[in-house]
Structure formats: C-alpha cells, structure tokens
C-alpha cells in the first residue's frame, strides 16, 4: 500500500502557499490506518519501548494503538494548560512567536525506553521540544516515528532529531 496516496493535500491551507497534508483521509481508511500501526510496530518491536510519547493532537490518533501493539504505556504531550497535575514545560518557535508544550513530570523515569511519535515532521520544533522534555526526565534511549516528513524543510532541529533512530513512512521532497 502506498500511504502517500491516502493523504489528501489541500492547497493554500491554512494560508496561501502552504500545501497542507491532511491525514484524515488516511485514518478513515482502516487498511491504511492499520498499515501505519503495523509499520511502526515492526520497526520498533525489538527496541524495548516502554512508553510511547505522542504530540497533540494528531499524534494521539496513532499513539494509543502503537503503545498497545508495543505493550508500552502512552504519554500525552499537550499544549500549555491542558494537563491536570505537575508538568514539565518546553517552549518552541512558531513562524510568528513561541508556544509551549507540557507533559506530566511523573510520566517517565530514567529507565524508560521512549518512542516519540507524531503525524508530521516539518521544522522539527515541536518534536525537538518533546525530546528536550524527555531528556530532562532522565531518559537516554529515545526513538522517533513520523507518518510524514516535509524533507524540503531543512533545519538544524531536524538534524538533531535524526541523530536518533527515526522512522518516516511518507516523505515529501
């Protein structure tokens, strides 16, 4: 199955010049959705993953299923102010400004083996912020999985992420 064929592209969304990669067409297809889960499981099944850390919101769609397949826990990374207990926070740059993501401070231990998963890798800012939080909690074994990578966006943050074992299922060049 060619997963790229299952992803709808919407021109000029959310603004002119952006070609939005819409995964809702992929996730509504049970064969394509299950293929993503199967491919991620196959890549990381022997790495001893204990926690799957997923980024709000589309990363959550896959995260629970991936965690279940890997017999691992699921850890949500949310936008600021959405988690009810003590949190660790990390900032990241947006096109015009800054935003923050959070995770519960007790969600990981230094002995965890973590897979950070999200639907899309663009500049790497959000994934890098998640990496920084995971490292602050003492985790040393960290892997990445993305459904899509906009490879034509080349940033120093993406280069840092690629120092870890990283799976990308669909590449846009």
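The values are calculated or read from the model by the stated rules, or taken from the named source; none is laboratory data. If you're wondering where the values come from, they're calculated on a predicted model, not measured in any experiment. In this analysis, Cβ positions are derived from the backbone assuming ideal geometry, glycine residues included, and neighbour counts consider all displayed protein chains.
A few notes on this one:
- Selection count where residues are without any contact (Cβ under 8 Å) to a residue 12 or more places away in the chain and closer than 15 Å to residue 172 by Cβ, scope segment 1-12: 3
- Strands (runs of 3 or more DSSP E) within segment 86-142 that include 2 or more residues within 15 Å of the chain's Cα centre (by Cα) and buried (at least 19 other Cβ atoms within 10 Å of the Cβ): 97-104, 113-121
- Hits in segment 147-163 - residues which are part of a loop (DSSP other than H, G, I, E, B) and farther than 17 Å from residue 19 by Cα: 155, 162, 163
- Residue selected from segment 15-52 under the condition without any contact (Cβ under 8 Å) to a residue 12 or more places away in the chain and in contact with a strand residue (DSSP E or B) (Cβ under 7 Å, 6 or more places away or on another chain), by the criterion farthest from residue 71 (Cα to Cα): 19
- Matching residues in segment 6-23 - criterion: being surrounded by fewer than 16 Cβ atoms within 10 Å (Cβ to Cβ) and within 16 Å of the chain's Cα centre (by Cα): 22
- Scope segment 53-67; condition free of Cβ contacts under 8 Å to residues at least 24 places away in the same chain and in contact with a strand residue (DSSP E or B) (Cβ under 8 Å, 6 or more places away or on another chain); matching residues: 60, 64, 67
- Of all residues in segment 163-173 being under 25 Å from residue 2 (Cβ atoms) and over 13 Å from the mean Cα position of the chain (by Cα), the one that is modelled with the lowest pLDDT: 173
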